[in-house]
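Here is the structure we will look at.
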Amino acid sequence: MQGATQGMGRATGVARVAAEKRTLANTPVLGFLWALRRKPTGLISLFVLLAFVVIAAAAPWTAPYAYDQSTDAYAQGPSMAHWFGTDHLGRDVLSRVIWGGRVSLQVGFVSVFFGVIIGAAIGLMSGYFGGKIDMVTQRVVDVFMALPVFLLAITVVAALGAGVMNITIAIAIGMIPGISRVVRGSTLSVKETPYIEAAVSIGSQTGRVLIRHVLPNVMAAIIVVASIRLGIAIIAEASLSFLGIGVPPNEPTWGNMLSGAALSNMTRAPWMALFPGIALTMTVLALNLFGDSARDILDPRMRGSK
Amino acid sequence: MQRYIIRRLGYSFVSILGLTLLVFILLRAVPGDVVTILAGAEGAALSDARMEEVREEFGLNRPLPVQYVTWLGDMAQGDFGASLFTGRPVLDSFWSRLPVTAQLGVFSLAISVLIAVPIGTISALKQDSATDQSLRFASVLALAIPNFWLGTMVVVFGSLWFGYSPPIRYLSPFEDPLGNLKQFLVPGLVLGTALSASLVRMLRSSMLEVMRDDYIRTARAKGLGSYDIVVHHMMKNALIPVITLFGLQVGTVISGTVIIESIFNLPGMGRMLVGAITQRDYPVVQGLILAFGAAIILVNLLTDLMYGVLDPRISYK
């Protein structure tokens, strides 16, 4: 039995394993959403996030006023004309929150996007190739990780100056070390699985193995870490803008709307401070809850890693 | 054990060295050098010759590796440079600001522990009850609330409802202990609440794990009362992963002080950093980031070493 089928067995074994992998691992988007229905918090969070993104992206149509349009109604409380009230310059707070969301979300998404691309590339290489490359890379990552995201971003802003583009770069740099760590961990465990061994043993080129086989399975970890990091990125932008070293105050973001400069005015009109913060909190909360649910679905063993 | 300590110390030293390289690269190897930016910011049109002079003075026209080594050498001798604006040596400013930040940090950590321990314990003991669920939701919420928003709201509504306002002048604990306490209480609470959120989660899951361990069952079988069990047996072991978390929290505490000091008008290192960045005072920024990073590395070193001491199951050969 063994001798006769050895040659054939190997080929069919690989084919069987490869077919297995296609159904199990590559959880397509629809499969994921289907699984999500069992996690109401995750589902609600996803809807809230999508709603925020759509409203913010469609700001020119959803915001009732322009964000810099001063009216005569200084510091008025919430009313029918101004759902969130007006600020000390008579600008509509709701519109500013919507336009501000646009910038805040944009900075968050773009910085995480680049952070993921670079961080995942580093993590994949480091985890897959191991050896000297891994050791050196991990030492460098260790040094980067000595500084929390916020301090790292602040340092880059100190060098580059403020402004939307610069803080996006700064926050992206802050994201890279953490993401690369998580991806590396996931790559390490995926590396040992049978179908990777199979792919390698039939002689697939390394690049092909990495992209077609390792990556889809590391995707789960990437999604989870990306959603949590997104919350961190958005708060980082808000903090930087709040301190006055982020987005300059003429363009509203959720952070600079709370900026210290306007603090004295906020005691007269507390709703100015209330709504941007609620928007921020809801967004980060939704991201965290979604990330938790995603992790539960995709890889429960990841519990406890950030 | 000793060899481990030595190795670990060496590792931290290398990390700090790596940190200096990182800070140097981030701040110096940047398009457009300091002088151009400063000259531009001042609005003064300095002649090229004058700019070259200034560069010479600051040593900015020497090759980067030379600048790096010079900088390291200076620091080894205790010279961390001087502020570009006040001319005051950076190290001096540190010492005057350090007590404020240290006090805020310690207060916040203490408050976070005071909040987290009871809440985490109750949450674990009453697992999945209504109390547990609401406490867990509260901590998830606390994790999402930006600390600068919480601080701002406290100031805004505090002044509306209680007539509270952030202190105008800093009171050191030596000249006015009570006043000092009052000044640090609210900022400490704000930062502490934010910190306690992750502590609560950690403590709860750690306690839950410990609760199921065999030696707890043995203790109960022996007839020990619940209080004894919880305090003596569970706590000690549940605290171990929490201590690791403490080490990770330092980064969050330091980032937090930057913001909280700005809101509550406390003259600490955090606020100095913000001012320096706004004014592009590079020597100060450099020194501060280095100090913060080094502090984090050292705290991580301490927690690693304590971990070995506390958990008798771990022995380092």
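The values are calculated or read from the model by the stated rules, or taken from the named source; none is laboratory data. As the structure is a prediction and not an experimental result, all values here were calculated from the model. Virtual Cβ from ideal backbone geometry, glycine too; neighbours counted across all protein chains shown.
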Those residues of region A:77-102 which are at negative phi, in a loop (DSSP other than H, G, I, E, B) and in contact (Cβ under 8 Å) with a residue 40 or more places away in the chain, in sequence order: A:Gly77, A:Pro78, A:Phe84, A:Asp87, A:His88
On the given criteria, is B:Gly192 part of a helix (DSSP H, G or I), farther than 30 Å from B:Pro241 by Cβ and among the small types (Gly, Ala, Ser)? no
Within the bounds of region B:84-99, is there any residue that is in a helix (DSSP H, G or I), over 19 Å from the mean Cα position of the chain (by Cα) and crowded, with 18+ Cβ neighbours inside 10 Å? yes
Of the conditions (1) modelled with pLDDT under 85; (2) surrounded by fewer than 16 Cβ atoms within 10 Å (Cβ to Cβ), B:Leu185 satisfies every one except a single condition; which number is it? (1)
Which one of A:Met257, A:Met266, A:Met272 is crowded, with 22+ Cβ neighbours inside 10 Å and at pLDDT below 80? A:Met266
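Determine whether region B:125-143 contains at least one residue that is part of a loop (DSSP other than H, G, I, E, B) and touching a residue at least 12 places away in the same chain (Cβ under 8 Å). Talk me through it step by step, then tell me what you get.
To start, the set of residues in region B:125-143 that are part of a loop (DSSP other than H, G, I, E, B) comprises B:126-129.
Next, from what is left, pick out any that are touching a residue at least 12 places away in the same chain (Cβ under 8 Å): B:127.
Yes, region B:125-143 contains at least one residue that is part of a loop (DSSP other than H, G, I, E, B) and touching a residue at least 12 places away in the same chain (Cβ under 8 Å).
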Just name the residue that is surrounded by the fewest Cβ atoms within 10 Å (Cβ to Cβ) out of those in region B:144-163 that are at the interface with chain A (Cβ under 9 Å from one of its Cβ atoms) and either among the polar types (S, T, N, Q) or under 13 Å from B:Gly256 (Cα atoms) (or both). B:Ser159
How many residues, within region B:166-182, are exposed (fewer than 13 other Cβ atoms within 10 Å of the Cβ) and within 14 Å of chain A (Cβ to nearest Cβ)? 1
Residues in region A:127-144: is at least one facing chain B (nearest Cβ under 9 Å) and in contact (Cβ under 8 Å) with a residue 24 or more places away in the chain? yes
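Hey, can you tell me all the residues within region A:148-189 that are β-branched (Val, Ile, Thr), more than 18 Å from A:Val103 (Cα to Cα) and either touching a residue at least 60 places away in the same chain (Cβ under 8 Å) or not in a helix (DSSP H, G or I) (or both)?
Kept after step one, since they are β-branched (Val, Ile, Thr), are these residues of region A:148-189: A:149, A:154-157, A:164, A:167-169, A:171, A:173, A:176, A:179, A:182-183, A:187.
Next, only the ones that are more than 18 Å from A:Val103 (Cα to Cα) stay: A:149, A:154-156, A:173, A:176, A:179, A:182-183, A:187.
A:Val149, A:Ile154, A:Ile176, A:Ile179, A:Val182, A:Val183, A:Thr187, listed by residue number.
Taking the stated definitions as given, is A:Gln69 surrounded by fewer than 15 Cβ atoms within 10 Å (Cβ to Cβ), at pLDDT below 70 and farther than 28 Å from A:Ser186 by Cα? Walk me through it before giving the result.
Values: surrounded by fewer than 15 Cβ atoms within 10 Å (Cβ to Cβ): yes; at pLDDT below 70: no; farther than 28 Å from A:Ser186 by Cα: yes.
Spelling it out, it is not the case that A:Gln69 is surrounded by fewer than 15 Cβ atoms within 10 Å (Cβ to Cβ), at pLDDT below 70 and farther than 28 Å from A:Ser186 by Cα.
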Some residue of region A:224-235 being at the interface with another protein chain (Cβ under 10 Å from one of its Cβ atoms), closer than 21 Å to A:Phe84 by Cβ, in contact with an Asp or Glu (Cβ under 7 Å, 6 or more places away or on another chain) and surrounded by 24 or more Cβ atoms within 10 Å (Cβ to Cβ): no
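Looking at this structure, is A:Pro249 in the same structural domain as A:Leu147 (by TED's automatic domain parsing) and outside any helix (DSSP H, G or I)?
yes
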Within region B:201-317, helices (runs of 4 or more DSSP H) holding 2 or more residues that are assigned by TED's automatic domain parsing to the domain that holds B:Gly158 and at pLDDT 85 or above: B:235-264, B:269-278, B:282-310
